[in-house]
Structure formats: C-alpha cells, structure tokens
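Notes follow the structure.
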Amino acid sequence: ATPAATMIGTSIGATNGVLFTGGDVLERVRDVDTVVFDKTGTLTKGEMTLTDVVALDRTAADGGDARADGVGSGPVAAAEGGENATPTDPETDLLYAAASAESASEHPLADAIVAGATERGIDYATPTDFENTAGKGVRATVDGREVLVGNAALLSDAGVPVDAAAEARERLESEGKTAMLVAVDGRLAGVVAAADTVKPTAKRAVSDLQARGKTVRLLTGDNERTARAVADELGIPAEHVRAEVLPDEKADAVGAIQSDGSRAMMVGDGVNDAPALAAAYVGAAIGSGTDVAIEAADVTLMRDDPADVLKAINVSDATLRKIK
Ligand code: ADP
Ligand code: MG
C-alpha cells in the first residue's frame with residue numbers, strides 16, 4: 001500500500017477504536033482466515049461472580065456425598081463468635097478457607113471468591129504463606145492449615161484425590177460455570193464455582209465472522225465442559241474449541257492451528273495470551289487488557305468489543321482494495 005493509503009486506513013481504524021501498530025499490519029489483517037478467541041475477558045466480560053459453594057460431607061465413609069446447598073442457605077458465621085465470627089457450618093468454613101487463600105491472588109476467579117465471601121459477611125484471614133501456579137490455582141497457609149484452591153490438576157499434583165467432587169463439578173461446569181476444588185490439609189473439602197457472562201456483542205461477532213467465511217476458534221485455560229458450554233452459547237462448534245491449555249502452551253496451540261497454512265488472528269487480553277498474540281499471523285489485544293498483551297499485539301481493540309475484529313478486517317480490506 002502507498003504511504004497515503006496506509007495513513008488513511010490507520011486513521012479510519014483509529015476512529016473506529018481499532019489501533020494498527022503499522023502499515024504492514026494493516027496489510028496483513030485482510031488475509032486472516034481464522035480468528036482464535038481467548039475466552040475470559042475477551043468473549044466474556046471477565047467479571048466473575050461467586051455462584052455456588054458446595055461443601056463435601058467429610059463424615060461420609062467412602063468418597064462422600066456432595067451437599068448441594070446453595071450459597072447462603074446455611075447460617076452464616078455464628079454471632080456468638082464476636083466481631084471475628086468463627087466459621088461454623090461447612091459452607092462458611094469452606095468459603096472462609098478459599099477466600100483467605102485467594103486474598104493473596106489477583107486472578108479474576110480469586111476476586112470473585114473474596115468478594116463472594118465479603119458479601120456473605122465472612123471475614124477471611126491473611127495467609128502466612130502463598131504460592132500461585134499459573135493456569136491451575138493457589139496454595140496457601142491459612143491459620144496453620146494448608147489450603148489449595150484450583151482445578152483438578154492442582155489437587156492431583158498435590159496428591160489429593162478429587163473423585164468425590166466429580167458430580168458437583170460436572171453439574172456446575174455443564175452450566176458454564178468454572179468450578180474450583182478446595183482442599184484443606186490434603187483432603188478435598190468442597191467445590192466453589194464462579195460464573196462470567198458473555199459480552200453482549202460476542203454472539204453476533206462470531207456469527208458475522210463465520211458469515212464472512214472465517215473459521216472461529218476458542219482457546220482457553222478453562223476446563224473443557226465450561227468452554228464447550230460457552231462456545232455452544234456463542235455458536236462456535238465443539239471441534240473448534242481447545243480448552244485446558246496452560247499459559248505456556250497457548251503459543252504452541254496457535255502454531256498448531258497455523259501449521260496447515262491458516263493465517264490466524266489471535267484475540268486476547270491476558271498476560272497469558274501475550275506469547276500466543278506474538279505467535280499468531282496477527283495478534284489483537286483487548287484495550288482494557290493487560291499492558292503485556294497490548295505490547296505483544298499488532299492491533300488493539302480499544303472498545304473491548306469482539307465485533308471490532310471484523311471491523312479491523314473490513315478496514316484492511318477496503319484500504320487495500322482502493323489502492324489496487
Ligand atoms: P483463562 O485462559 O480462561 O483466562 P487461566 O489460564 O488463568 O484461565 O486459568 C485456567 C484455570 O486454572 C481456571 O479456569 C481455574 O480452574 C484455574 N485457576 C487459575 N488461577 C486460579 C485461582 N487463582 N484460583 C482458582 N483457580 C484458578
Ligand atoms: Mg483472558
């Protein structure tokens with residue numbers, strides 16, 4: 001493209017909230033045939049809300065039954081305990097442990113658990129020891145107890161059997177929620193779940209891209225069942241969903257997608273997404289995303305709107321068509 005055409009295209013993009021980092025990017029975008037979306041914060045709002053607290057009955061002999069009590073169905077921390085009420089019922093105890101451990105994390109799931117506990121009047125403690133495992137969860141020492149909050153892989157890695165949580169987990173995940181297992185002192189204590197809502201324009205963004213002949217894919221660290229439930233809601237076919245992808249595997253996953261010659265635009269918001277944005281034919285960052293993602297990207301979508309992916313393609317297309 002001529003410098004003048006590039007300038008016009010770049011400026012039309014900017015007016016529409018689509019920032020191209022350079023003229024070469026503007027020229028590449030029109031050749032994108034595959035759009036790979038990250039889920040959390042990209043297609044969904046990334047604002048997690050605590051939805052369920054399921055304490056597992058520790059007295060049950062083998063495996064234990066899931067007590068399917070909803071949040072807040074049991075008495076909240078006993079008033080007798082004074083200002084810093086001592087947790088008494090299993091759900092309160094579970095949420096107290098989870099929120100205390102997660103209070104040291106800045107993950108959106110951690111924020112949901114801490115906010116959920118606060119809303120329910122549960123006072124959490126500051127952990128004395130804390131460790132985060134990217135893509136899996138956290139381990140913390142709370143009141144001298146060892147607490148794990150995260151996915152099945154986190155607990156399995158620590159040697160904690162997770163079978164007793166299977167039923168509750170499957171139910172929550174098939175509802176599109178992210179289920180997190182909680183272990184205390186090496187024993188599975190229960191499951192907490194958080195849910196996110198899809199952005200209002202996400203479904204339309206997906207169908208418009210598909211109507212333009214683009215293959216739309218979903219790439220997420222979240223579990224298979226939750227990813228599929230969200231994909232289903234958005235009209236992304238199950239065979240185009242890759243879930244449970246660890247942060248350091250996302251770039252390789254993009255490479256695998258492109259190994260057949262596909263030219264992919266990876267759209268993401270997180271620190272986790274930065275290598276994948278760099279690996280893609282075009283990397284697009286959500287404007288409200290992390291600086292690391294924006295720095296790794298070729299395009300920034302300032303309105304945080306997945307529908308602007310098609311806008312970027314249209315601007316690129318129109319710019320290059322005109323100057324031919
Ligand atoms: P995404 O790719 O959807 O942004 P992540 O890669 O950050 O997700 O995390 C993948 C999974 O690891 C989460 O769905 C969750 O099960 C688990 N996980 C990660 N961080 C935490 C945390 N702080 N607390 C609980 N679970 C976590
Ligand atoms: Mg994300």
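The values are calculated or read from the model by the stated rules, or taken from the named source; none is laboratory data. None of the values given here were measured: they were computed from a predicted structure. Using ideal geometry, Cβ is built from the backbone for each residue, glycine included, and neighbour counts are taken over all protein chains shown.
Name the residue that is surrounded by the fewest Cβ atoms within 10 Å (Cβ to Cβ), counting only residues in the range 159-187 that are basic (Lys, Arg) and closer than 19 Å to residue 231 by Cα. Step through it out loud before you land on a result.
If we filter the range 159-187 for residues that are basic (Lys, Arg), which is where we start, we get 169, 171, 177, 187.
Going one step further and asking which of them are closer than 19 Å to residue 231 by Cα, we end up with 169, 171, 177.
On the way: 169: 23, 171: 18, 177: 24.
Across the range 159-187, the extreme among qualifying residues is 171.
Output the residue which, of all residues in the range 29-55 that are part of a strand (DSSP E or B) and of a type in the set (Val, Ile, Thr), is nearest to ligand 2 (Cβ to nearest atom).
Filtering the range 29-55 for residues that are part of a strand (DSSP E or B) and of a type in the set (Val, Ile, Thr), the one nearest to ligand 2 (Cβ to nearest atom) comes out as 44.
Of the numbered conditions (1) at negative phi; (2) crowded, with 22+ Cβ neighbours inside 10 Å; (3) within 11 Å of ligand 1 (Cβ to nearest atom), residue 137 fails exactly one; give the number of that condition.
For residue 137, the failing item is (1).
Take residue 88 and decide whether it is at pLDDT 75 or above, surrounded by fewer than 23 Cβ atoms within 10 Å (Cβ to Cβ) and assigned to a strand (DSSP E or B).
no
Output the number of the condition that residue 239 fails; it satisfies all remaining conditions of (1) assigned to a helix (DSSP H, G or I); (2) among the charged types (D, E, K, R); (3) within 19 Å of the chain's Cα centre (by Cα).
(3)
Check 238, 243, 279 and return the single one that is over 27 Å from residue 15 (Cβ atoms), surrounded by fewer than 21 Cβ atoms within 10 Å (Cβ to Cβ), without any contact (Cβ under 8 Å) to a residue 60 or more places away in the chain and away from ligand 1 (no atom under 16 Å from the Cβ).
So the residue among 238, 243, 279 that is over 27 Å from residue 15 (Cβ atoms), surrounded by fewer than 21 Cβ atoms within 10 Å (Cβ to Cβ), without any contact (Cβ under 8 Å) to a residue 60 or more places away in the chain and away from ligand 1 (no atom under 16 Å from the Cβ) is 238.
Can you find a residue in the range 249-256 that is over 25 Å from residue 107 (Cα atoms), touching a Lys or Arg at 6+ places or on another chain (Cβ under 9 Å), surrounded by fewer than 17 Cβ atoms within 10 Å (Cβ to Cβ) and among the hydrophobic types (A, V, I, L, M, F, W, C)? Show your work before the answer.
Taking the range 249-256 first, the residues over 25 Å from residue 107 (Cα atoms) are 255-256.
Pick out the ones that are also touching a Lys or Arg at 6+ places or on another chain (Cβ under 9 Å) and you get 256.
Add one more test, that the residue is surrounded by fewer than 17 Cβ atoms within 10 Å (Cβ to Cβ), and what stays is 256.
After this cut, where a residue has to be among the hydrophobic types (A, V, I, L, M, F, W, C) as well, the list is 256.
There is at least one residue in the range 249-256 that is over 25 Å from residue 107 (Cα atoms), touching a Lys or Arg at 6+ places or on another chain (Cβ under 9 Å), surrounded by fewer than 17 Cβ atoms within 10 Å (Cβ to Cβ) and among the hydrophobic types (A, V, I, L, M, F, W, C).
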